[in-house]
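Notes follow once the structure below has been shown.
The values are calculated or read from the model by the stated rules, or taken from the named source; none is laboratory data. Just so it is clear, the model here is predicted, and its values are computed rather than measured. Here the Cβ positions follow ideal geometry from the backbone for every residue, glycine too, while neighbour counts run over all protein chains shown. Accessible surface areas use protein heavy atoms only, side chains included; no ligands, DNA or RNA. Shrake-Rupley method; radii C 1.70, N 1.55, O 1.52, S 1.80 Å.
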Amino acid sequence: MAAVPSTPLLKDELDIVIPTIRNLDFLEMWRPFFQPYHLIIVQDGDPSKIIRVPEGFDYELYNRNDINRILGPKASCISFKDSACRCFGYMVSKKKYIYTIDDDCFVAKDPSGKDINALEQHIKNLLSPSTPYFFNTLYDPYRDGADFVRGYPFSLREGAPTAVSHGLWLNIPDYDAPTQLVKPLERNSRYVDAVLTIPKGTLFPMCGMNLAFDRELIGPAMYFGLMGDGQPIGRYDDMWAGWCTKVITDHLGLGVKTGLPYIWHSKASNPFVNLKKEYNGIFWQEELIPFFQSVALPKEATTVQKCYLELAKQVAAKLGKVDCYFNKLADSMVTWIEAWDELNPPKGVVAAENDPAKSK
């Protein structure tokens, strides 16, 4: 007997953001899982190119002309000819949650051969707490069949709200160019049935191709930097967002989970092209990581925006001497927050303006 389809989780509270330069035929494979949701497609590159989206999907599509029209001079903070342009989709979304995926990512199968509903697993991760302050050796204690182990403090068992769910990939691993070059045939076939919270004070390399987050909790920190065309670096967009986000989630008492769900990453990008894009980043990251490990945010930084602006100030002060690019990046971080706040005014502000009692 066929199973009765259940209502998709968070159907009206989640947007799927996809950056692309090509027709989105890959959505056919995702149709059973994505069709109930609203898609925000950010078209990179030539805005006159027509992007074909399969029938039956509810979507809005933005190209560079739209970004310039909506943001005006502030459009300078959105990268061009780089998948970092996806963060424009986070900014224009009006939903509480975001899932973002690349157009070369397909549905993976679990070890039993069943299709993995990546979106459903991300939602489960985001809707259950994280444990950033004390590691549970059974990984995620909130999963079915798991719990807190003996010796886990009862005072910490409520956990912290989960801001980010970082998924993984089978087939083509997310390698940098030097690793791609020395391991051209490497494939990830290892499926690990685990989700864990990244501990407080620990950074991680965030990959943007299979990622979900609570936009209301952490959205303004999910800026994928200034990369691609006209910039001295590429392919560090998601890394930058991940480092900034982790510092801020640690400061605000939020959690980041990694592990399930897996997607199938279908094709490796060209390692020689990647090396050119990553070249500066490979050197710079040796200074960036110690910077983020030692960043301290003040007590007064009580919102994501305040944290992010403080981070921008410290990027200019401490990383500007590594390369003048970081002064430009710090400026674009400020512009990003200004643009975010313009498109997403605080709810209290709107309420106050519309309150008849306040206008007397």
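Observations
- Sorted peptide list for 256-266, 300-310, 41-51, criterion being average Cβ within 10 angstrom, highest first: 256-266, 300-310, 41-51
- Each Lys and Arg adds +1 at its Cβ and each Asp and Glu adds -1 at its Cβ; summed about the Cα centre, the chain shows a dipole of about 380 debye.
- Theoretical ellipticity at 222 nm over the chain - DSSP helices of four or more residues, -39500 (n - 2.57) apiece, nearest 500: -10000 deg cm²/dmol
- Counted over the chain with a bin width of 10 Å, the fraction of Cα pairs per bin, in whole percents, is 5, 23, 34, 26, 10, 2, 0, 0.
- A 1.4 Å probe run over the stretch 157-222, with the rest of the protein chains in place, finds 42 Å² accessible per residue.
- Globularity index of the stretch 205-339, i.e. its alpha-carbon radius of gyration over 2.2 N^0.38 Å: 1.06
- Within the accessible area of the chain (1.4 Å probe), percent carbon and sulfur: 56 percent
- Unit charges on C-beta of K, R, D, E only; dipole of the stretch 17-59, Debye: 40 debye
- Vicinal HN-Hα couplings computed from phi for the stretch 187-193 (Karplus, 6.51 cos²θ - 1.76 cosθ + 1.60; Hz; Gly/Pro x): 9, 8, 10, 8, 9, 10, 7
- Magnitude of the charge dipole for the stretch 79-232, about its Cα centre and with charges confined to Cβ atoms of Lys, Arg (+1) and Asp, Glu (-1), is about 280 debye.
- In the complete set of protein chains, residue-level accessible area for Glu55 is approximately 150 Å², probe 1.4 angstrom.
- Computed over the chain: relative contact order in percent, which uses C-alpha pairs under 8 Å that are six or more apart: 18 percent
- Charged neighbours of Lys49, selected by a Cβ distance under 11 Å, balance to +1 (K, R count +1; D, E count -1).
- Note on the stretch 1-67: dipole from Cβ charges, positive end direction compared against Pro47, Tyr59, Tyr37; the farthest Cα belongs to Pro47.
- Solvent-accessible surface (1.4 angstrom probe) belonging to Ser294, in square angstrom, nearest 10: 80 Å²
- Charge tally in the Cβ shell below 10 Å around Lys200, where Lys, Arg are +1 and Asp, Glu are -1, Lys200 excluded: 0
- Share antiparallel - DSSP beta bridges, the chain, percent rounded to 5: 40 percent
- Computed from the C-beta positions of Arg52 and Thr137, the FRET efficiency with R₀ = 56 Å rounds to 0.70.
- In this simple spin-label model, placing a label point 7 Å from the Cα along the Cα-to-Cβ direction at both Ile21 and Ser6 gives a separation of 4.0 nm.
- Between Asp229 and Lys306, the distance separating the two model label sites (each 7 Å from Cα on the Cα→Cβ line) works out to 3.8 nm.
- In the context of the full set of protein chains, the stretch 226-341 has a per residue accessible area of 42 Å² (1.4 Å probe).
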